[in-house]
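Some notes on the structure that comes next.
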Amino acid sequence: DPVHRVTIVPRGDAALGYTLSIPEEDKHLYTKDELLQRLTGIMGGRAAEEVVFGEVSTGAYDDLRKATDLAKRMVVSYGMSELIGPINLSQENGNVFLGQDLVLNKEHSEEMSSLVDKEIKGLIEACYGNAVQLLRKHIDLLHKLAKKLLEVDPMEAEQLEALLGPAVGKAPKP
């Protein structure tokens, strides 16, 4: 989804800055490729810490939580795991919309649970690797954006495009 706004100003206790992407149209269905690109974007903050500072911090806490939730849904609920296949293993634990979680159905074996954990980890690691690769490839744009955000924050879509040019492109598929 196109980036609408970027800020490095902390908001609340979880976000130390954020990138707001808004779909161009209402969407209710997402392809696996779209979710992998979203996961790559979510991992961007953590990847930027590694690329720029050579170490990571607690700053990406909320991103890691969101990435893990999305990867879990891809594997457990949406059947988007090549290894596990097109099945739904989730059991809703209460009302997901009230912040309660999806859990692996207790009817499944320890082996299946272990496989699910490996698949979730694999998705996140692949997308994190893509984020690192993209940031290293475009390190000049990252520094340019960071410098400008110290002067103007938040930056809206039009300002971002004026600074960075047209969209760099889609994230490569993990």
For this session: Could you tell me what percent of the accessible area of the range 1-72 is made up of carbon and sulfur, with a 1.4 Å probe and every protein chain present?
Result: 54
For this session: With a/c under 1.5 counting as rounded, go ahead and sort the range 1-40 into rounded, prolate or oblate using the C-alpha gyration tensor (a ≥ b ≥ c being the square roots of the eigenvalues; past the cut-off, prolate if a/b is larger than b/c, else oblate).
Result: prolate
Exercise. With every protein chain present, what is the per residue accessible area of the range 21-65 (1.4 Å probe, Å²)?
Worked result: 64
Seminar exercise, completed: In whole angstrom, the spacing between the Cα centers of the range 39-63 and the range 126-144 equals 11
Exercise. How do the peptides 114-124, 35-45 rank, highest first, by the average count of neighbouring beta carbon atoms within 10 Å per residue?
Worked result: 35-45, 114-124
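The values are calculated or read from the model by the stated rules, or taken from the named source; none is laboratory data. These numbers were taken from a predicted model, which means no experiment stands behind them. Heads up, the Cβs are rebuilt from the backbone with ideal geometry, glycines too, and the neighbour counts pull from every protein chain shown. Note: areas computed on protein heavy atoms with side chains; ligands, DNA, RNA excluded. Shrake-Rupley method; radii C 1.70, N 1.55, O 1.52, S 1.80 Å.
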